[in-house]
Amino acid sequence: MKELIDKLYRNNNLSKEELIYIIENIDEESKEYLIEKANETRHKYYSNKVFLRGLIEFTNYCKNDCYYCGIRKSNSNIERYRLSLQEIMDCCELGYNLGYRTYVLQGGEDGYFTDDRIVQMIKAIKNKYTDCAITLSVGEKSYESYKKYYEAGADRYLLRHETADEEHYSKLHPKELSFSNRKKCLYDLKEIGFQIGAGFMVGSPYQTSENLANDLLFLKELNPHMVGNGPFIPQKDTQFNKKKQGTLESSIIMTALTRLLLPKALIPVTTALGTIHPLGREMGLKAGANVVMPNLSPRDVREKYLLYDNKICTGDEAAECRFCIQNRIENAGFKIDLSRGDNIEWRRL
Ligand code: SAH
């Protein structure tokens, strides 16, 4: 096991069989070793810096029906909301004053937000905050739409691939959605020039070790600038409400393996990881992650953006989140970095 981890550390690559072997056989001692090597790797490229991004969850309307997600179309148990442009600009102003230089705009696939409205939003933010980066996370769109967003000034796009196995994908999504289209979107985004983020849920229903190895190898092939992995957590109004949640241990191992496969990636610790364990995010940072995305959404809408149950920080103000996270990062032995925090290999085309 130690030899395999050393090989991964040296080559930043392993075969599918080798990855499956690690996933299925890692013991406590080798896990510590893996984490140590992942941490060394992040230090090599990003020292002890942790980048902060302000997350604005601007709509929970969604036309999709992903089986795991609390804001899926057919969930009639939640109150829907969307922020106005003015409310989004207010979040940005608050965020700017708190020191953020990246805004992550995430939402469901909401038909109200046409390309024109998204472009208008990007331009409004970019005109006012010329020194800030914009990350979009609004799902699957056409090449032309993505291009419009890029030309309007958006810099990055998060679109988790969710699972890189077509069959597994179909167990998590209705038939209108496919891994092949998700993958096409990621390659389109990359070609257009975005910094792209992919990733998967750890411990999603029906996931096998082979699925996880394929997820990691898909990431290796795609070579995204950012990778967001987080544990699956059941949501009470979905058909997966009785399924088991992903484990802390497996999530941490996936973070460390991701760091070793993609040494220069920006890797966030997710709110989901902080939800399944009070120190989950700190453990993720120690296992090679280097980004945290505190919530900037207005407090009165936070309870409505519930992708999964028991989400943390839904009662906090943006400023509380900002300083709570800073304390956590510093207590874990890292330093916050409030710059835009672009991937070290990216330039705008
Ligand atoms: N509509 C956007 C944003 C989706 S929400 C898109 O399609 O990309 C962001 C991420 O939350 C999803 O990609 C998914 O991986 C994660 N998520 C959704 N439901 C979840 C759950 N029950 N547990 C853990 N993560 C979940």
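The values are calculated or read from the model by the stated rules, or taken from the named source; none is laboratory data. Owing to the predicted nature of the structure, the values given are computational and were not obtained by experimental measurement. Cβ sites come from the backbone with ideal geometry, for glycine too, and all protein chains shown count toward neighbours. Side chains are part of the model used for accessible areas, which takes the heavy atoms of the whole protein and leaves out ligands, DNA and RNA. Shrake-Rupley method; radii C 1.70, N 1.55, O 1.52, S 1.80 Å.
Residues in the range 154-168 that are within 25 Å of Asn60 (Cβ to Cβ) and open to solvent by 10 Å² or more (accessible area, probe 1.4 Å): Leu158, Arg160, Glu162. Does the range 201-232 hold any residues that are within 10 Å of the ligand (Cβ to nearest atom) and closer than 24 Å to Thr135 by Cα, and which are they? Of everything in the range 201-232, those that are within 10 Å of the ligand (Cβ to nearest atom) and closer than 24 Å to Thr135 by Cα turn out to be Met201, Val202, Gly228, Asn229, Gly230, Pro231, Phe232. With the requirement that a residue be surrounded by fewer than 17 Cβ atoms within 10 Å (Cβ to Cβ), under 15 Å from Leu217 (Cα atoms) and in contact (Cβ under 8 Å) with a residue 12 or more places away in the chain, what does the range 1-16 give you? The answer is Asn12, Asn13, Lys16. Within the range 225-247, restricting attention to residues that are in contact with a helix residue (DSSP H, G or I) (Cβ under 6 Å, 6 or more places away or on another chain) and aliphatic (A, V, I, L, M), the residue that is farthest from Asn75 (Cα to Cα) is Val227. When Arg117 is tested against the conditions (1) part of a helix (DSSP H, G or I); (2) under 20 Å from the mean Cα position of the chain (by Cα); (3) among the basic types (Lys, Arg), the lone failure is (2).
For the range 106-142, what are the residues that are within 19 Å of His225 (Cβ to Cβ) and away from the ligand (no atom under 16 Å from the Cβ)? Ile122, Cys132, Ala133, listed by residue number. Looking at the range 292-322, which of the residues that are closer than 25 Å to Asn39 by Cβ and open to solvent by 30 Å² or more (accessible area, probe 1.4 Å) is farthest from the ligand (Cβ to nearest atom)? For the range 292-322, the residue satisfying everything is Ile312. Taking the condition of being outside any loop (DSSP other than H, G, I, E, B), away from the ligand (no atom under 15 Å from the Cβ) and out of contact with any His (no Cβ under 6 Å at 6 or more places or on another chain), how many residues in the range 190-200 meet it? Of the residues in the range 190-200, 3 are outside any loop (DSSP other than H, G, I, E, B), away from the ligand (no atom under 15 Å from the Cβ) and out of contact with any His (no Cβ under 6 Å at 6 or more places or on another chain).
Checked against the criteria, Gln235 does not count as in contact (Cβ under 8 Å) with a residue 24 or more places away in the chain, open to solvent by 10 Å² or more (accessible area, probe 1.4 Å) and under 26 Å from Asp65 (Cβ atoms). State yes or no: is Asn343 without any contact (Cβ under 8 Å) to a residue 24 or more places away in the chain and under 30 Å from Leu19 (Cα atoms)? So Asn343 does not fit the description; no. Out of all the residues in the range 110-126, is one or more closer than 26 Å to Ser251 by Cβ and either crowded, with 21+ Cβ neighbours inside 10 Å or not charged (D, E, K, R) (or both)? Checked the range 110-126: no residue is closer than 26 Å to Ser251 by Cβ and either crowded, with 21+ Cβ neighbours inside 10 Å or not charged (D, E, K, R) (or both). Of everything listed in (1) buried (at least 23 other Cβ atoms within 10 Å of the Cβ); (2) without any contact (Cβ under 8 Å) to a residue 12 or more places away in the chain; (3) among the charged types (D, E, K, R), the single unmet condition for Arg281 is (2).
Every condition in (1) outside any helix (DSSP H, G or I); (2) open to solvent by 70 Å² or more (accessible area, probe 1.4 Å) holds for Ile71 except the one numbered (2).
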